Amino acid sequence: MEILAKITKALAAMSSAEVMALALKSGVSYFTIQKIRSGETKNPTINTCEALHKAIRAVLKEGIRRNGA
């Protein structure tokens, strides 16, 4: 699966709070993430994809730790 498809899938499963945390961790604006999430932005830059990919892993790990899993 290509990286953009993985990012889009992860974004679709995230809560609004997780998306906000992702914006803070990645340095990508919340509104840019929302545009990618909704499909309005279909071809984000490689820098955006790389930043999101790294930050998604961190945000999801933090969420798992908070939930006690």
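The values are calculated or read from the model by the stated rules, or taken from the named source; none is laboratory data. Note that the structure is a prediction, hence the values are computed from the model and not measured. We place every Cβ from the backbone using ideal geometry, glycine too, and count neighbours over all the protein chains shown. All accessible areas refer to the heavy atoms of the entire protein, side chains included, with ligands and DNA or RNA removed. Shrake-Rupley method; radii C 1.70, N 1.55, O 1.52, S 1.80 Å.
Some notes on this structure:
- Principal-axis analysis of the Cα atoms of the chain puts helix 46-66 at an angle of about 20° to the longest axis.
- With contacts taken as Cα pairs under 8 Å and at least 6 residues apart, the chain reaches a relative contact order of 38 percent.
- Gain upon complete extension [residue 43, residue 24; 0.36 nm per residue less C-alpha separation]: 4.7 nm
- Ranked by the mean number of other Cβ atoms within 10 Å of their residues, highest first, the peptides 24-35, 2-13 come out as 24-35, 2-13.
- Convex hull of the chain built on C-alpha atoms - directionally averaged projected area, nm²: 4.4 nm²
- Carbon + sulfur, % of accessible area of the chain - ligands and nucleic acids excluded, 1.4 Å: 55 percent
- At full extension, residue 62 and residue 50 could sit 2.4 nm farther apart than now, given 0.36 nm per residue minus the alpha carbon distance.
- For the chain, the number of Lys pairs with C-alpha atoms closer than 17 Å, counting only pairs eight or more positions apart or on separate chains, is 10.
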